[in-house]
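The values are calculated or read from the model by the stated rules, or taken from the named source; none is laboratory data. As the structure is a computational prediction, the values presented were derived from the model and not from experiment. Using ideal geometry, Cβ is built from the backbone for each residue, glycine included, and neighbour counts are taken over all protein chains shown. Keep in mind that these areas ignore ligands, DNA and RNA; they rest on the heavy atoms of the full protein, side chains included. Shrake-Rupley method; radii C 1.70, N 1.55, O 1.52, S 1.80 Å.
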Amino acid sequence: MIMMSTGVSYPSWINKSEHAGQFPNNVDAAAEFMMLMVQGVYDYTKGEIPSYFEPINEPDSQSDILNFTTVAIFHKLVAEKLHAMFNIKVAGPTLDGYTEFADKDNFLYWKKVAHFMDITLDSLDAFSFHSYNSLVVYGKSHNLTGMNESRLAAFVDLVENYSYLKTGKIIPLVVSEYGRDIVIGIDKFAPSGIVDFATIYHSNAHRFTQLSLREYIDRTVVFLLANEKYPGHDSLNWSLFTLKGNATRIVDVFDFW
């Protein structure tokens with residue numbers, strides 16, 4: 001459905017000195033690597049490529065090595081190169097924290113997102129982001145915090161209004177990860193009814209909100225995994241199945257729909 005690059009995995013021989021050794025100094029060269037990677041997938045699968053490509057995962061969490069102007073230029077260049085070669089939609093900026101905290105410090109984060117849109121609106125096919133809520137447990141009580149329904153709707157409103165002001169049209173949205181985020185107050189790796197509940201609840205609650213915004217949202221992908229349990233890591237957490245292939249309670253997310 002969506003192919004996503006970490007955006008910070010490049011050969012050792014390319015100069016990355018300006019970005020803590022993780023991202024090329026030459027942004028055009030970095031974009032060329034993305035094009036070659038998609039070309040490799042296209043060749044290996046004999047023409048089967050995903051509908052969407054995201055050039056870099058959660059760049060807002062990598063602000064210590066990448067400023068958002070560089071991130072925006074990178075997305076624009078990747079989109080131009082891929083559109084010239086393939087029938088694929090390019091989405092970005094695959095935000096994480098900037099969505100939840102868009103209004104923080106007098107909308108400081110939102111201003112960075114708006115700057116990204118200034119550079120990329122004429123190149124990207126969709127605006128993508130992640131939408132997570134966390135579980136906080138204290139004693140016998142709990143609350144859910146993060147990208148709740150009101151914040152999600154408000155962020156969509158910010159993006160779509162800005163897009164319309166700039167281009168006269170809306171921009172399709174892709175929520176490429178959503179669901180339950182971190183757990184605070186208890187061990188998320190230990191078997192827990194409240195963790196299972198939060199995982200199932202967030203997956204379904206977000207989907208209802210997304211459906212109410214379906215004139216804007218083009219595609220969404222829930223963050224659930226096949227299995228997380230392996231030697232030394234005795235957790236099911238986001239797992240849909242045990243190692244023996246038995247369904248966990250988390251499959252209720254899909255059984256419901």
Q | Condition check for Trp257: open to solvent by 70 Å² or more (accessible area, probe 1.4 Å) and either at pLDDT below 90 or of a type in the set (A, V, I, L, M, F, W, C) (or both) | A | yes
Q. Has the range 180-192 got at least one residue that is part of a helix (DSSP H, G or I), open to solvent by less than 60 Å² (accessible area, probe 1.4 Å) and under 23 Å from Ile2 (Cβ atoms)?
A. no
Q: Kindly list the number of the only condition in (1) part of a helix (DSSP H, G or I); (2) closer than 22 Å to Tyr162 by Cα; (3) polar (S, T, N, Q) that fails for Thr94.
A: (1)
Q: Among the residues of the range 72-102, write down those that are touching a Phe, Trp or Tyr at 6+ places or on another chain (Cβ under 8 Å) and without any contact (Cβ under 8 Å) to a residue 12 or more places away in the chain.
A: Phe101
Q) Going by the conditions given, is Ser235 over 21 Å from Gly97 (Cα atoms), touching a strand residue (DSSP E or B) at 6+ places or on another chain (Cβ under 7 Å) and open to solvent by less than 30 Å² (accessible area, probe 1.4 Å)? A) no
Q.
Within the range 29-42, does at least one residue satisfy the condition of being open to solvent by 30 Å² or more (accessible area, probe 1.4 Å), more than 17 Å from Met4 (Cβ to Cβ) and without any contact (Cβ under 8 Å) to a residue 24 or more places away in the chain?
A. no
Q: Go over the candidates Leu144, Leu124, Leu135, Leu158 one by one and state the one that is under 23 Å from Ser63 (Cα atoms) and not in a helix (DSSP H, G or I).
A: Leu124
Q: Among the residues of the range 68-87, write down those that are in contact with a helix residue (DSSP H, G or I) (Cβ under 9 Å, 6 or more places away or on another chain) and either of a type in the set (Asp, Glu) or open to solvent by 10 Å² or more (accessible area, probe 1.4 Å) (or both).
A: Phe68, Thr69, Thr70, Ile73, Lys76, Leu77, Glu80, Lys81, Ala84, Met85, Phe86
Q | Close pairs (6 angstrom Cβ cut-off, 6 or more residues apart or separate chains): over 18 Å from Ile73 (Cα atoms) in the range 9-27, part of a loop (DSSP other than H, G, I, E, B) and open to solvent by 90 Å² or more (accessible area, probe 1.4 Å) anywhere | A | none
(Q) Name the single residue that is nearest to Leu82 (Cα to Cα) among those in the range 1-28 being open to solvent by 40 Å² or more (accessible area, probe 1.4 Å) and among the small types (Gly, Ala, Ser). (A) Ser9
Q: For Arg219, state whether it is charged (D, E, K, R), open to solvent by 40 Å² or more (accessible area, probe 1.4 Å) and not in a helix (DSSP H, G or I).
A: yes
Q: Determine whether Ser51 is open to solvent by 20 Å² or more (accessible area, probe 1.4 Å) and closer than 25 Å to Ala154 by Cα.
A: no
Q. Out of all the residues in the range 164-195, which are aromatic (Phe, Trp, Tyr) and closer than 25 Å to Thr242 by Cα?
A. Tyr178, Phe189
Q | Some residue of the range 163-179 being of a type in the set (A, V, I, L, M), farther than 21 Å from Lys89 by Cα and buried (at least 19 other Cβ atoms within 10 Å of the Cβ) | A | no
Q. So which residues in the range 222-243 are β-branched (Val, Ile, Thr), assigned to a loop (DSSP other than H, G, I, E, B) and in contact (Cβ under 8 Å) with a residue 24 or more places away in the chain, if there are any at all?
A. none
